[in-house]
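Down below is the structure, laid out as structure tokens.
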Amino acid sequence: MIDEGDLPAAMVCAACSQPLSRRIPLNEFGEQVGDVVYTHVRHHEADHEAVPQPRAEHFEEDLTQFCDFCTSTKVRWRYRAPGIQMIVIGEDDAPVGRHHSSSDWAACELCARLIERRSKKALLQRALLAWDDEEAREVIRESVRGLHEAFFTTLQPGRHRVPRGRR
Ligand SMILES: [Zn+2]
Ligand SMILES: [Zn+2]
């Protein structure tokens, strides 16, 4: 169901069954340098290094799903917004990495409500709460805002209910 195109392979942490974020390290010319970096979605909660394993080798229902907006684990909806990439800019304004979003975006009930109402500001506020402190939020604010803009621009009509898991 998840159409990945030519993205780097989707990985899951073998230690905690969480889907991992993908980042391609770039040099100052925007060219890939080194291997894809896989990290936990919730950095501050991870007490171990990510152990990437191909997502295709996991049972979908065993995975911990995260809301792609606020990182809640109560995922209720899936939206389709394919092909979004985010270039991460370093301190000297040169690119340092490229994030690939999956084509399917997961949303919890609350974030879905904000998406349906196109409440971009409230959605941004809610998303920023996933970061530890005020300083981190300020650093990430514009990136998240840009990511949400890209989401709304490429968002396809319709959404899918996610069956409630056993948790
Ligand atoms: Zn893990
Ligand atoms: Zn959410």
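Note that the chain presents 61 Å² accessible area per residue, ligands and nucleic acids not counted, probe 1.4 Å.
On the protein heavy atoms, probe 1.4 angstrom, tell me the percent of accessible surface of segment 9-161 carried by carbon and sulfur. Its accessible area is 49 percent carbon and sulfur atoms.
Relative contact order of the chain: 23 percent, from C-alpha pairs under 8 Å at least 6 residues apart in sequence.
At 15 angstrom or more along the helix axis (alpha-carbon based) and mean Kyte-Doolittle of -1.0 or higher, what helices does the chain contain? Whole DSSP H runs only. Length and hydropathy pass: 134-154.
Just so you know, the Rg over Rh for segment 9-161 is 0.95, from Cα atoms, with Rh as the Kirkwood radius. Across segment 2-97, the relative contact order, built from alpha-carbon pairs under 8 Å that are at least six residues apart, equals 30 percent. Of the chymotrypsin sites (Phe, Trp or Tyr not before Pro) in segment 33-73, the ones in a loop by DSSP (not H, G, I, E or B) with at most 10 other beta carbons within 10 Å are F59. Considering only GluC sites (Glu not before Pro) in DSSP loops that have at most 13 other Cβ atoms within 10 Å, the longest stretch of the chain without any of them is 92-167.
The values are calculated or read from the model by the stated rules, or taken from the named source; none is laboratory data. Not measured: the values here are computed from a predicted model. Ideal geometry is used to build each Cβ from the backbone, glycine not excepted, and the neighbour counts take in all protein chains shown. Accessible surface areas use protein heavy atoms only, side chains included; no ligands, DNA or RNA. Shrake-Rupley method; radii C 1.70, N 1.55, O 1.52, S 1.80 Å.
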